[in-house]
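Colleague: Okay, here's the structure, questions in a sec.
The values are calculated or read from the model by the stated rules, or taken from the named source; none is laboratory data. Quick caveat, the model's predicted, so the values are computed rather than measured. When we count neighbours, we look across all protein chains shown, and the Cβ atoms used for this are built from the backbone with ideal geometry, even at glycine.
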Amino acid sequence: MRVAVVILNWNGRRFLEKFLPVVIEMSSDDAEVIVADNASTDDSIFFLQQNFPDIKVIANNENGGFSKGYNDVLEQIDADIFVLLNSDIQVTKNWIKPVVELMKKDPNIAACQPKIKSYINPDYFEYAGAAGGFIDKFGYPFCRGRIFQFIEKDIGQYDDVCEIFWATGACMFVRADIYKKFGGLDEDFFAHMEEIDFCWRIKNAGYKVMYCPHSVIYHIGGGTLPKNSWKKTYLNFRNNLSLLYKNLPIKDLYFVMLVRMFLDFVASLKFLINGDVRDAFAVIKAYAHFYKWLPKFYRKRKCCIHKEVSKIYKGSIVKDFYILNKKKFTDLNLNKIS
């Protein structure tokens with residue numbers, strides 16, 4: 001199978017300088033490495049031309065965000081499997097083959113992610129993906145190895161190959177034909193949770209998303225927007241509403257949306273109490289924009305398949321974490337994940 005590792009870069013010359021040589025060294029036998037530049041204003045392209053003249057560079061004319069950036073570039077690449085790889089990731093030896101072999105064995109596997117550990121704290125999982133993503137019945141995303149801000153130490157507790165709900169966009173292996181068939185990432189998301197929306201859409205169509213622990217990478221995280229950015233708060237709240245509205249079965253839609261409105265109102269109050277005024281207003285802005293765009297998302301919803309899908313946690317991760325003090329994935333009632 002032809003594999004293309006595609007690194008989307010935006011003003012990330014420092015990451016390319018640090019991590020691209022390792023990606024090339026650890027990947028060249030198994031894949032073509034391509035850098036997609038999202039209209040950077042630093043000297044990223046010049047740096048690549050001077051230091052990596054053999055690496056293919058595809059330059060976008062504008063920065064349309066993570067979603068559009070990848071969609072525009074992947075339309076120009078001929079491969080069987082795309083690997084969407086963040087620029088702030090250190091890969092390891094033999095990181096491609098185990099995932100590709102897993103996907104070869106089952107054509108129903110549309111996407112897969114490796115084990116993602118922290119570059120800063122290598123003994124721990126990394127926030128964005130960890131050992132595979134899930135959501136609860138109210139649409140809150142979490143991972144094996146990370147629930148909200150609590151991140152587990154990797155002691156081999158998640159070294160099993162398993163089906164998950166979503167694979168992280170920080171490092172997602174995806175079949176090229178399926179990516180294109182389903183229109184890629186939703187460009188209205190711009191960035192954040194677009195991979196969850198994509199995985200939900202393909203799961204609604206009957207495909208599987210997997211986690212492969214035999215491939216390990218290390219992620220810095222927060223390379224474009226830091227974790228405490230109000231812009232990240234805005235995108236996360238807006239996009240979470242959007243993916244719920246687009247993908248939930250009609251029998252669950254209105255109840256879940258009402259509950260989320262209440263919980264998000266509580267979250268905005270908590271931001272205010274803690275003095276995070278910009279984050280509180282980011283939640284309000286997220287709702288304003290969601291309702292403004294509701295007709296657009298209604299049209300998108302009509303084009304989606306809606307059914308009960310596997311690997312949704314049937315409990316409330318908010319209740320489990322904040323009230324019942326269940327901090328680890330293994331603390332949850334895993335019978336609620338079917």
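Colleague: Can you confirm whether the stretch 229-249 contains a residue that is in contact with a helix residue (DSSP H, G or I) (Cβ under 9 Å, 6 or more places away or on another chain), of a type in the set (Val, Ile, Thr) and surrounded by 15 or more Cβ atoms within 10 Å (Cβ to Cβ)?
Modeller: yes
Colleague: Turning to a different aspect of this structure: Going by the structure shown, is Glu62 loosely packed, with under 15 Cβ neighbours inside 10 Å, within 24 Å of Asp188 (Cβ to Cβ), in the same structural domain as Met210 (by TED's automatic domain parsing) and not basic (Lys, Arg)?
Modeller: Answer is yes for this residue.
Colleague: Then there is this: Could you say whether any residue in the stretch 292-312 is modelled with pLDDT of 95 or more and aromatic (Phe, Trp, Tyr)?
Modeller: Among the residues of the stretch 292-312, not one is modelled with pLDDT of 95 or more and aromatic (Phe, Trp, Tyr), which makes the answer no.
Colleague: Report, by residue number, each residue of the stretch 296-338 that is under 23 Å from Ile202 (Cα atoms), loosely packed, with under 14 Cβ neighbours inside 10 Å, free of Cβ contacts under 8 Å to residues at least 60 places away in the same chain and among the basic types (Lys, Arg).
Modeller: The answer is Arg299, Lys302.
Colleague: Might you check whether a residue that is in contact with a helix residue (DSSP H, G or I) (Cβ under 8 Å, 6 or more places away or on another chain), touching a residue at least 60 places away in the same chain (Cβ under 8 Å) and not hydroxyl-bearing (Ser, Thr, Tyr) occurs anywhere in the stretch 278-295?
Modeller: Yes, there is a match, as at least one residue in the stretch 278-295 is in contact with a helix residue (DSSP H, G or I) (Cβ under 8 Å, 6 or more places away or on another chain), touching a residue at least 60 places away in the same chain (Cβ under 8 Å) and not hydroxyl-bearing (Ser, Thr, Tyr).
Colleague: Restricting attention to the stretch 75-89, which residues are under 18 Å from Leu48 (Cβ atoms) and touching a residue at least 60 places away in the same chain (Cβ under 8 Å)?
Modeller: Ile77, Leu85, Asn86, Ser87, Asp88, Ile89
Colleague: Among the residues of the stretch 254-310, write down those that are part of a helix (DSSP H, G or I), more than 22 Å from Tyr322 (Cα to Cα) and charged (D, E, K, R).
Modeller: If the condition is that a residue be part of a helix (DSSP H, G or I), more than 22 Å from Tyr322 (Cα to Cα) and charged (D, E, K, R), then Arg278, Lys285, Lys292, Lys296, Arg299, Lys300, Arg301, Lys302 are the ones that fit.
Colleague: Restricting to the stretch 323-338, what's the tally of residues that are part of a loop (DSSP other than H, G, I, E, B) and either of a type in the set (Lys, Arg) or modelled with pLDDT of 95 or more (or both)?
Modeller: Within the stretch 323-338, residues that are part of a loop (DSSP other than H, G, I, E, B) and either of a type in the set (Lys, Arg) or modelled with pLDDT of 95 or more (or both) number 7.
Colleague: Moving on to the next point. Check whether at least one residue in the stretch 190-211 is in contact with a strand residue (DSSP E or B) (Cβ under 6 Å, 6 or more places away or on another chain) and assigned to a loop (DSSP other than H, G, I, E, B), and report yes or no.
Modeller: So far as the stretch 190-211 goes, yes, one or more of its residues are in contact with a strand residue (DSSP E or B) (Cβ under 6 Å, 6 or more places away or on another chain) and assigned to a loop (DSSP other than H, G, I, E, B).
Colleague: Ok, one more. Within the bounds of the stretch 225-234, is there any residue that is small (Gly, Ala, Ser) and within 22 Å of Ile109 (Cα to Cα)?
Modeller: No, every residue in the stretch 225-234 fails to be small (Gly, Ala, Ser) and within 22 Å of Ile109 (Cα to Cα).
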